[in-house]
Amino acid sequence: MYKKYLILTVIFFSLFFINSKALAETLKQTYDNSVWYAMSGGGKPYFSRQYVSYEIEGKVVYCIQPGVEINTDDYIGNEGIGSSPYDEKINKKIELIGYYGYDYPNHQTLKYRMATQALIWEIVSGQKVEFWTKQYSYGDNINVDYEKNEIMKLVNNHYSKISFNDIELKVDEEQIFDNEILKDYELVDSEYLEAKIEENKLYIKALKPGNLKLNLKKKNYDNNITIIYKGNGIESQNVGFFRISDPILTSINIYSKGKIEIKKLGEVTKFNNNILSYDYESLSGVEFSLYAFDTIKDFNGNIIYNKDELINVSKSNELGLAIFDDLYLGKYKIKETKTIDGYILDNKEYIVDVNSLQNKITLEIKNELEKNIVEVPNTLKNNNKFINCIIIVIGLMVCAKKI
């Protein structure tokens, strides 16, 4: 029993040591002898100190508790803005300010760093922050209003979602869409879609018909996350490294239309050792008509075709394929309306349900050859040579009629 407790104790302290080592980081402070800040107003005492830049393990961090002393350089990092001592409203504001501040592209100047810190202090304290070349607002004022305004423009526009136009496309056919704002987004989810974004172009192919949705997220300039640092075992001012915890999501509605593909086969004659047989090959030039079996509506519920209305006509090509595409969901009726000479018209009606369960519907329809019957006298029915001649003649007649 003693050994068991000893082992557990060793494991516990080992894990504690490993975790503490993994989370413990060092705060670096860099003093600027030419910059002093002053905080005033908000019903609080006037306050002025030398400006300091802060880093933890190469990350630019900001003080988030003005007036609280920094009593250690040993800090523990906690992921997420929820570790901040403020409420959700303030947390979101200071996180956005930190994100769009000094680390944001093209903001790497001392003035942007000062402006970022000042904005955070102004949010959490309600005071006005200014910078001077000497303490207590003496010397020259260092104006960072421009940098503050640029940061706040980005902050205030952060939740402005870009709306994309709805897209209609044919199933299984890739289309390319060009939009300048696409370069600022990345794909999040594209179920039943093949999609990619390259620069400002969206390449997209629907894998099934129906109402689909392409979800996108506004890109961040890096993949880091917000971390709030607190003194390791000692009361010390909290500092923060800020990134976006609340991503901006948007979506594109994709309306994918279905496809019906008819594979047309025609009966053909073949001779082998004077024996006539039949097979099927692709048949071109056969006409099909597509009708609405029921009322057909678009994706918004508007009636496009009434029941039994003719929608389109298609002929089988050299591969024997007749294709109807660009079809909204619904039931359709297909009729063979014209065949080629030598073949019997298929009088069947084919009912097809274009739905979201399959990307396309394929029908195989066969045409039989017209055949002439030759009456053979009883006296010749047992004459093999005569029978073979009759078979050859029938085959030639069929072939000639086909030509």
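The values are calculated or read from the model by the stated rules, or taken from the named source; none is laboratory data. Just so it is clear, the model here is predicted, and its values are computed rather than measured. Neighbour counts run over all protein chains shown; Cβ positions are idealised from the backbone, glycine included.
A few remarks follow.
- Some residue of region 262-270 being surrounded by 15 or more Cβ atoms within 10 Å (Cβ to Cβ), assigned by TED's automatic domain parsing to the domain that holds Thr26 and among the basic types (Lys, Arg): no
- The one condition in (1) in contact with a Ser or Thr (Cβ under 8 Å, 6 or more places away or on another chain); (2) surrounded by fewer than 17 Cβ atoms within 10 Å (Cβ to Cβ) that Glu235 fails to fulfil: (1)
- Lone qualifier among Tyr229, Tyr280, Tyr255, Tyr291 - being of a type outside the set (Asp, Glu), assigned to a strand (DSSP E or B) and closer than 30 Å to Gly67 by Cα: Tyr229
- Looking only at region 43-67, and only at residues there that are more than 46 Å from the chain's Cα centre (by Cα) and not polar (S, T, N, Q), the one that is surrounded by the fewest Cβ atoms within 10 Å (Cβ to Cβ): Gly43
- Within the option set Ile70, Ile97, Ile76, being β-branched (Val, Ile, Thr), surrounded by 14 or more Cβ atoms within 10 Å (Cβ to Cβ) and part of a strand (DSSP E or B) holds for one residue only, Ile76.
- Among residues of region 189-226 being among the basic types (Lys, Arg) and outside any strand (DSSP E or B), the one that is surrounded by the fewest Cβ atoms within 10 Å (Cβ to Cβ) is Lys219.
- Complete set of residues in region 151-173 that are of a type in the set (D, E, K, R) and surrounded by 17 or more Cβ atoms within 10 Å (Cβ to Cβ): Lys170, Asp172
- Condition met for Gly139 (at pLDDT below 95, surrounded by fewer than 18 Cβ atoms within 10 Å (Cβ to Cβ) and either of a type outside the set (D, E, K, R) or within 26 Å of Asn223 (Cα to Cα) (or both)): no
- Residue that is farthest from Asp325 (Cα to Cα) [pool: residues in region 271-296 that are surrounded by 15 or more Cβ atoms within 10 Å (Cβ to Cβ) and acidic (Asp, Glu)]: Asp294
- Matching residues in region 120-129 - criterion: being over 35 Å from the mean Cα position of the chain (by Cα) and at negative phi: Trp121, Glu122, Ile123, Val124, Ser125, Gln127, Lys128, Val129
- Hits in region 332-355 (condition: part of a strand (DSSP E or B) and either in contact with a Lys or Arg (Cβ under 6 Å, 6 or more places away or on another chain) or surrounded by fewer than 16 Cβ atoms within 10 Å (Cβ to Cβ) (or both)): Thr337, Lys338, Glu349, Ile351, Asp353
- Among residues of region 304-330, those that are of a type in the set (A, V, I, L, M, F, W, C) and free of Cβ contacts under 8 Å to residues at least 60 places away in the same chain, counted: 5
- Residues in region 175-225 that are more than 18 Å from Asn355 (Cβ to Cβ), among the charged types (D, E, K, R) and more than 15 Å from the chain's Cα centre (by Cα): 3 in all.
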